[in-house]
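I have placed the structure first, in the form of structure tokens, so that the comments after it can refer back to it.
Just so it is clear, none of the values below were taken in a lab; they were calculated from the coordinates. Quantities reported herein were computed from a predicted structural model and do not represent experimental measurements. Note that we place each Cβ from the backbone using ideal geometry, even for glycine, and neighbour counts take in every protein chain shown.
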Amino acid sequence: MTQLSDRVLNMATSATLAMAAKTRELKAEGKDIIGLSLGEPDFNTPDFIREAAIQAINDNYNSYTPVDGYVELKDAIITKFKRDNHLNYKHSQIVVSTGAKQSLANVAAVMLNKGDEVILPCPYWVSYSDIVKLNEGVPVEVKTSIENDFKLTPQQLEAAITPKTKMIWYSSPCNPSGSVYSKDELRALADVLQKYPNIIVVSDEIYEHINFIGGHASMAQFDDMFDRTVTVNGVSKAFAMTGWRIGYIGAPEAIARACNKMQGQITSGANCIAQRAVITALNASPTRVQFMVDEFKVRRELILGLLDGIEGFKTNVPEGAFYVFPDVSHFFGKVLKGQKIENATDFSLFLLEHANVATVTGVAFGNPDCIRISYAASQEQIIEAITRIKNAVS
Ligand code: PMP
Ligand code: GLU
């Protein structure tokens, strides 16, 4: 019998990836499933980036790269941080990884000792909790409310802090709520943290460019926070490069050095061709990918309008990313098509079975009243999916 470790046995399967796998499986069986479960742009990677990758192959980029990334890529990241975020990082503060997911895993591995607490405002991105637990940390979930756009308030932050608090992790724009913290809101959270100088902030800004209100704000922009913030970013979302697997951090030097050491024993440097392509992507003006953001904005209006017509879906207005996160607790305790709905997981499975639409249960994001619907799909698919959902629940 295989003797697997407690570590993996105690770990949840990524709910987003599990639902994506289930969708693929059902489609292969011939079922007409509309997949709105995965947070993945449905655009092709822009030509100018693909051409840079082809050029890199032809230029014989085929060797191991520096563990923390090519110097030219670090140059591009430093320029991007200055240009878009007014952050002044040095080369020694940048680490390139195999996706922002690995960046986050590195940070957890180098920061957490057994029992250290990590504050996770709920809803949080699905993998935060398990990455923390894998590294023997304790996720401290802090509930936020839909009325406050699922944003953490300074009072809630203060109340969650204990002597064991090591870090706070959040994403803005947020996956799954789409909420965007303003500069003032971040400042108010930073003011609380002033009293607790040992707490490190992990600011996940991977949806930075997919922002419908303008004015992305980084926690590290505040001088008093720069030396205690890890800024996480990557190219999966804004550049439609999910499969290329490149993410990066700007971090206090000691943390960056530790991540470099950790990665050097686990994966080494990220893929060399992808790194070369990302140099081109980051050096380009963000206006070159604005067409995707514009399309996501149109889809946001479309899906919000359609959901508004279904009783029992209570939704805030997402300001970024490409998800809606409706509260569907109205259906709990009800029987739909002979099936008792007890919670968001039942509801999401009901939609898969009876509407042929794949969504993700809010349980995976630390909010059991909601489901996540990705609108990184064509307008036709969105219209068809929400029509099917409406028919299934009416
Ligand atoms: N952070 C957030 C908030 C995400 O939604 C994702 C999803 N891909 C990631 C990190 C990881 O991104 P990747 O590993 O593709 O760079
Ligand atoms: N981040 C995306 C999502 O939330 C991709 C899937 C994943 O990496 O978990 O759906």
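Quote the relative contact order of the chain in percent (integer), defining contacts as alpha-carbon pairs under 8 Å separated by 6+ residues.
23
Listed highest first by mean packing, meaning other Cβ atoms within 10 Å per residue, what order do 358-365, 338-345 come in?
Listed from highest to lowest mean packing, they are 358-365, 338-345.
Specify which residue in the list 18, 310, 365 is farthest towards the positive end of the charge dipole of the chain, using unit charges on the beta carbon of Lys, Arg (+1) and Asp, Glu (-1), about the Cα centre.
18
Provide the packing ranking of 261-272, 324-335, i.e. peptides ordered by the mean count of other C-beta atoms within 10 Å per residue, highest first. Present the calculation step by step, with values, prior to reporting the outcome.
Details: 261-272: 17.0, 324-335: 18.7.
Put in order of decreasing packing, that is 324-335, 261-272.
State the Cα centre-to-centre distance between the range 180-218 and the range 122-178 in whole Å.
That distance is 13 Å.
Return the distance in nm (one decimal) between the two label points of a simple spin-label model at residue 28 and residue 291, each offset 7 Å from Cα along Cα→Cβ.
Each label point is offset 7 Å from its Cα along the Cβ direction, giving 3.4 nm.
Using the charge dipole of the chain (Lys, Arg: +1 at Cβ; Asp, Glu: -1 at Cβ; taken about the Cα centre), state which of 182, 212, 226 has its Cα farthest towards the positive end.
So the residue furthest toward the plus end is 226.
Let me know the charge dipole size of the chain about its Cα centre in debye, to the nearest 20, where only the beta-carbon of Lys, Arg (+1) and Asp, Glu (-1) is charged. Provide the component values of the computation, followed by the final result.
Working: 38 positive and 44 negative charges, 112 e Å.
Computed about the Cα centre, the dipole is about 540 debye.
For the chain, with the dipole built from +1 on Lys and Arg beta-carbon atoms and -1 on Asp and Glu ones, taken about the Cα centre, which of 203, 94, 76 lies farthest toward the positive end?
Of 203, 94, 76, it is 94.
In whole angstrom, note down how far apart the Cα centers of the range 70-86 and the range 8-31 are.
36
For each pair in 80/261; 22/183; 297/334; 297/337; 143/183, compute the distance between the two Cα atoms and list the pairs where it is over 30 Å.
With Cα atoms farther than 30 Å apart: 22/183; 297/334; 297/337.
With each label point set 7 Å from Cα along the Cα-Cβ vector, what nm distance links residue 378 and residue 63?
About 4.6 nm, to one decimal.
With r defined as the distance between the Cβ atoms of residue 195 and residue 138 and R0 fixed at 22 Å, what FRET efficiency is calculated, to the nearest 0.05?
Efficiency, from the Cβ-Cβ distance: 0.55.
Suppose every K and R has +1 on its Cβ and every D and E has -1 on its Cβ; what is the size of the dipole of the range 245-364 about the Cα centre, in Debye to the nearest 20? Display every interim value, and only then the final one.
Values: 12 positive and 11 negative charges, 103 e Å.
It comes to approximately 500 debye.
Treat each spin label as a single point 7 Å out from the Cα along the C-beta direction, and report the residue 9 to residue 44 distance in nm.
4.8
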